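Below you'll find the structure, written out as structure tokens, and then a few comments.
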Amino acid sequence: MTSAQNDASIVDEGTAPHERREPSYLAGGYRLIDWLTTRDHKRIAVLYAISITFFFFLGGVAAALIRLELATPQGDLVSDDTYNKLFTAHGIIMVWLFLIPSIPAVLGNFLMPLMIGARDLAFPRLNLASWYLYMAGGAIVLWALLAGGVDTGWTFYTPFSSMFSNSHVVAALSGVLVLGFSSILTGLNFIVSVHTLRARGLSWFRLPLFVWANYATSLILVLATPVLAMTLVLVAIERLFQVGIFDPALGGDPLLFQHLFWFYSHPAVYIMVLPAMGVASEIIPCFARRPVFGYRFMAYAILAIAVIGFLVWGHHMFVSGQSMYAGMVFSLLSFLVAIPSAIKVFNWTATLYKGSIRFSAPMLYALGFVGLFTIGGLTGLFLASLALDVHLSDTYFVVAHFHYIMVGGSVMAYLGGIHFWWPKVTGRMYSDTWGKIAALVIFAGFNLTFFPQYLLGYAGMPRRYHSYPGEFQLLHVLSSAGAVILAVGYLMPLGYLAWSLRYGARATPNPWRATGLEWQTDSPPPEHNFAIAPVVVREPYAYTPEGP
Amino acid sequence: MSAPVLEPQFASHAQQDFARSFGMWVFLASELLFFGPLLFGYLYLRMHAPHATGMASRHTDMLLGTVNTAVLLTSSFCMALAGHAAQGNDRRRATRLLALTAALGVVFLAIKGFEWHQEFDEHLFPGVGFHPADATDPATVHGIELFFLLYFAATALHALHLTIGVSACVWLMLVLRHPPPRGPGNEAVELAGLYWHFVDVVWIFLYPLLYLTARSGG
């Protein structure tokens, strides 16, 4: 087999953009104002990457303080009030300023147009506007935190948030509201772009799974976020005008809030994890040199997760006082969502089977994602079981479960994606050895941090407490020690990726010999992505095993 | 001809037009869910306090609500004609019809404002001053108060949307005089029309829920 065939290009060779090279999107317009007024989706992705990284480390500092406080049973580092504000800050920042926008806004913005062979997203100005909304929302949340903080938890449960909390709830709510508009605009842009801007020959079932995943995520963003926005407005109204919507003392109903809140916030979990699945589905076939197993089922599973994800919100309310029958229905539906999730895990595994696997840094991250997502998913079944959930509700078991999905899943995949597409984005290679070490350190640190929390929760340690009985200390100390390792692991990529920007080897257009359209243009890509509009003539993931 | 400027990411005007109107539809789907919590809250109230909901809806002014429905439907008709005129490239006629649409929108807002004023005077605005004339039982009063909270929230959100719609009409009237690239293409009128009809449709749902509930046989 010749190397040209081996390259497995899905572009018609006749139209490959080898001649007439345009300067890269990074060349020209170096001033700050050129970046702040850009309409190029790639530059906007870079803007998002920088701001999201900032918020990630800010949320990480709050997490570190929480783990430090919990190293001893006494509440001796911070006061109970400060502790409440810390976990609220951690939750708000990590959920709305990091997890929800991370993969769609950074990787999605950069890659969606490239992957569908388009010159840009359908609405470039709207794309820039969504970044400004993100920054505005982030600024409002930061102001709320600096002005004294919020102590409600990121869920803003009523009537505490609407009536009793003395903290800056309305400011935080406004920040989240603005962030919601940013998500809606990004989702709208992706949906329209996938529908209208696909290259010639790129039918729906030739789309990369990353595009499918972001498309499904966008549907959730567009359809669920407005519900959250309006719910937060109602909390603000109750708080400002003392009207009973959610407060039972005033004739309202707190269950109403929980229904509305979780109608968004459960699908929000899939906003965080579906794009992560998309990233894994790009990396695993590339480094196993095998076409993804059961491509169509992978796409259908993505859509199924997006749809069923809308129907399971009530499993957050098993102990809230909703009716027993509602609980039974929501329990059943929650089990159902495990089916498409399991399809994805099985298909990744089947893709690896008999593959010629290269354990490069992105692959280690992707495999870490699959492992952690599987543990998180399986423990989700515990929580979907009505009776078991009564025992585990509001314990560290729940904390461990959602951290396995959201941190072990989303963050691992986000880092994997950053490593996979780093040569494309920056035009530089990083040290693969350092990448592998960091992936392993993060994986080890993560498990040491969160696995003890399953045991803690099972033994009855409630969440949101800043002091606890002495018998829980061993597991808490293990968890805090893991957090230190995790922090080191998260700091490492900052170092070697920054180093690569200046000293890394120049990347070729396709260093991983991957088959996606984004690899058919220069690294970094020119301003309008493709010199000539690509024409797709092959199925996706046309990988072949490497020769000897 | 007043073809819009072709943005670099599009290959043809047809593709650009499709993307824009499709984008508007997706946006409207999102907007519809904005009203979702209010409608869900209404459903919840209706299930848990049917009697209070019925009593509360009798406090609304059915005459003004019905007149407003007629005004809004007429404005939608004018908007549809404006879109038709723009399609036929008669930008002057489209401008006039847009003016008429905007004017009817303002009439709607004025009537709505008068209605709010009335309800405020009757102490029907939720909060410490809330005091319906015909109920003393605390549970019923709470139900009525929640109804009026949803009423004010939904009609205010609707009025906000309508204000944006009126602004869009006025903006189009001002810029339609200039041909592209300074002014917009004719498809802009259609997009504004889609939005206007959406706001109208929301009202078509709000009107029976807020005004007509439990009025049969009354």
* Name every residue in region B:6-36 that is in contact with a Ser or Thr (Cβ under 8 Å, 6 or more places away or on another chain) and at pLDDT below 90, in order of residue number. => B:6
* **region A:98-127: number of residues that are open to solvent by less than 20 Å² (accessible area, probe 1.4 Å), within 22 Å of residue A:40 (Cβ to Cβ) and under 22 Å from the mean Cα position of the chain (by Cα)** => 18
* Asked: List, please: which pairs have Cβ atoms under 9 Å, are six or more places apart or on different chains, and start with a residue in region B:31-47 that is more than 7 Å from chain A (Cβ to nearest Cβ) and end with one that is of a type outside the set (D, E, K, R) and open to solvent by 70 Å² or more (accessible area, probe 1.4 Å)?
  -> B:32/B:201; B:35/B:205; B:39/B:205
* Structure fact -> Taking region B:169-218 and keeping residues among the polar types (S, T, N, Q) and over 29 Å from residue B:37 (Cα atoms) leaves B:186
* **Close pairs (9 angstrom Cβ cut-off, 6 or more residues apart or separate chains): in contact (Cβ under 8 Å) with a residue 60 or more places away in the chain and at negative phi in region A:312-341, among the hydroxyl-bearing types (Ser, Thr, Tyr) and not in a helix (DSSP H, G or I) anywhere** => A:318/A:393; A:319/A:393
* Would you please name the residue that is farthest from the other protein chains (Cβ to nearest Cβ), looking only at residues in region A:233-264 that are surrounded by fewer than 24 Cβ atoms within 10 Å (Cβ to Cβ) and among the acidic types (Asp, Glu)? => A:247
* Asked: residue A:514: under 19 Å from residue A:111 (Cβ atoms), in contact (Cβ under 8 Å) with a residue 40 or more places away in the chain, open to solvent by less than 50 Å² (accessible area, probe 1.4 Å) and in a loop (DSSP other than H, G, I, E, B), yes or no?
  -> yes
* region A:256-269 residues that are in contact (Cβ under 8 Å) with a residue 40 or more places away in the chain and closer than 10 Å to residue A:224 by Cβ, paired with ones that are among the hydrophobic types (A, V, I, L, M, F, W, C) and open to solvent by less than 20 Å² (accessible area, probe 1.4 Å) (beta carbon under 6 Å, 6 or more apart) -> A:263/A:227; A:264/A:224; A:264/A:227; A:264/A:228; A:266/A:312; A:267/A:220; A:267/A:224
* Taking the condition open to solvent by 10 Å² or more (accessible area, probe 1.4 Å), modelled with pLDDT of 95 or more and under 30 Å from residue A:529 (Cβ atoms), does residue A:215 pass? -> yes
* Asked: Just checking, which of A:503, A:458, A:541, A:496 is of a type in the set (Phe, Trp, Tyr) and within 30 Å of residue A:151 (Cα to Cα)?
  -> A:458
* To do: Would you point out the residue of region B:48-62, among those that are assigned to a loop (DSSP other than H, G, I, E, B) and more than 10 Å from every other protein chain (Cβ to nearest Cβ), that is surrounded by the most Cβ atoms within 10 Å (Cβ to Cβ)?
  => B:60
* Identify all residues within region B:20-30 that are surrounded by 18 or more Cβ atoms within 10 Å (Cβ to Cβ) and at the interface with another protein chain (Cβ under 7 Å from one of its Cβ atoms); write none if there are none. => B:23, B:26, B:27, B:30
* Return the residue satisfying two criteria in turn: it lies in region B:36-47 and is under 12 Å from residue A:230 (Cα atoms) and in contact with a helix residue (DSSP H, G or I) (Cβ under 6 Å, 6 or more places away or on another chain), and of such residues it is surrounded by the most Cβ atoms within 10 Å (Cβ to Cβ). => B:37
* Taking only region A:335-383 into account, find how many residues are more than 21 Å from the chain's Cα centre (by Cα), not in a helix (DSSP H, G or I) and not charged (D, E, K, R). => 6
* To do: Would you point out the residue of region A:472-483, among those that are without any contact (Cβ under 8 Å) to a residue 40 or more places away in the chain and open to solvent by 20 Å² or more (accessible area, probe 1.4 Å), that is farthest from residue A:428 (Cα to Cα)?
  => A:474
* Asked: Among B:135, B:168, B:159, which is the only one that is part of a loop (DSSP other than H, G, I, E, B), touching a helix residue (DSSP H, G or I) at 6+ places or on another chain (Cβ under 8 Å), more than 10 Å from every other protein chain (Cβ to nearest Cβ) and hydrophobic (A, V, I, L, M, F, W, C)?
  -> B:135
* **Every residue from region A:454-492 that is within 29 Å of residue A:362 (Cβ to Cβ) and either hydroxyl-bearing (Ser, Thr, Tyr) or in contact with a strand residue (DSSP E or B) (Cβ under 9 Å, 6 or more places away or on another chain) (or both)** => A:454, A:479, A:490
* Test for residue A:92: is it surrounded by 18 or more Cβ atoms within 10 Å (Cβ to Cβ) and farther than 18 Å from residue A:462 by Cβ -> yes
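The values are calculated or read from the model by the stated rules, or taken from the named source; none is laboratory data. Just so it is clear, the structure is predicted and the values come from calculations on it, not from any experiment. Neighbour counts run over all protein chains shown; Cβ positions are idealised from the backbone, glycine included. Surface accessibility is based on the protein's heavy atoms, side chains included, excluding ligands, DNA and RNA. Shrake-Rupley method; radii C 1.70, N 1.55, O 1.52, S 1.80 Å.
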